[in-house]
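Take a look at the structure below.
The values are calculated or read from the model by the stated rules, or taken from the named source; none is laboratory data. Since the structure is predicted, the reported quantities are computational estimates derived from the model, not experimental observations. As a convention, Cβ positions derive from the backbone with ideal geometry for all residues, glycine included, and neighbour counts pool all protein chains shown.
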Amino acid sequence: MSSCTTRRSLLTGFSGVLLFGPASLSFVQPWPKVTVTKDPSCGCCAGWIDHLRASGFTANVVETVEVNRVKVRLGVPRELASCHTAEVGGYVLEGHVPADAIKRLLSEKPSAKGLAVPGMPVGSPGMEVEGSAPETYDVVLFGNGKPKIFARYRGRDAI
């Protein structure tokens, strides 16, 4: 009887892992909150924030007309500037950085200040334009020596 009870207990426990395991894993290591600083009139920034949230991030939004002061304070190089600046896990994010690149950054933890997508490439998260083909663009790792390419994307897809 004890072997049946043990077998039954194991099967019940295993079923629980199958049913609740994936959901519980997301609570084990959630992504850190992203604080996004944006101009109140910028609509593409809202699209990027929606992309972050759909990818499992929590976003806190700070609206100010002085976004450039935040860029300077955080050390974003002028040549890498875009429309919004964010902070996550001790890193700076500049522009329309895809969530997958942010997750990679947070997982690999390179010695750097952060990631940037200079300008506003068509098709990057938040910059989708109906009827327009997405552009190919670089996600740049910056802040530890010369900026270098961290990833390359076409729209939301890594290439």
First in the stretch 92-103 and farther than 16 Å from residue 134 by Cα, second anywhere and charged (D, E, K, R), Cβ under 6 Å, 6 or more apart:
92/113
Which is in contact with a Leu (Cβ under 8 Å, 6 or more places away or on another chain) and assigned by TED's automatic domain parsing to the domain that holds residue 143, of 109, 113, 103, 71?
113
Cβ pairs under 7 Å, 6+ apart or interchain, first in the stretch 140-156 and closer than 9 Å to residue 112 by Cβ, second among the hydroxyl-bearing types (Ser, Thr, Tyr), ordered by first then second residue, are 144/111
Scanning for something crowded, with 19+ Cβ neighbours inside 10 Å, farther than 20 Å from residue 79 by Cβ, under 12 Å from the mean Cα position of the chain (by Cα) and not acidic (Asp, Glu), does the stretch 108-118 turn up at least one residue?
no
It is to be established whether one or more residues within the stretch 63-82 are assigned to a loop (DSSP other than H, G, I, E, B), touching a residue at least 60 places away in the same chain (Cβ under 8 Å) and under 22 Å from residue 30 (Cβ atoms).
no
Among the residues of the stretch 121-129, is any free of Cβ contacts under 8 Å to residues at least 24 places away in the same chain and either out of contact with any Phe, Trp or Tyr (no Cβ under 7 Å at 6 or more places or on another chain) or farther than 15 Å from residue 51 by Cβ (or both)?
yes
For the stretch 34-62, which residues satisfy the criterion of being part of a helix (DSSP H, G or I) and either outside the structural domain of residue 127 (by TED's automatic domain parsing) or among the β-branched types (Val, Ile, Thr) (or both)?
49
In the stretch 65-97, which residue that is loosely packed, with under 12 Cβ neighbours inside 10 Å and of a type in the set (Asp, Glu) is nearest to the chain's Cα centre (by Cα)?
79
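With respect to residue 130, is the statement that it is crowded, with 16+ Cβ neighbours inside 10 Å and of a type in the set (Asp, Glu) true? Walk me through how you get there before you give the answer.
Values: crowded, with 16+ Cβ neighbours inside 10 Å: no; of a type in the set (Asp, Glu): yes.
So residue 130 fails the test.
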Would you pick out the residues in the stretch 36-64 that are surrounded by 15 or more Cβ atoms within 10 Å (Cβ to Cβ), under 18 Å from residue 105 (Cα atoms) and in contact with a strand residue (DSSP E or B) (Cβ under 9 Å, 6 or more places away or on another chain)?
36, 48, 49, 52, 57, 59
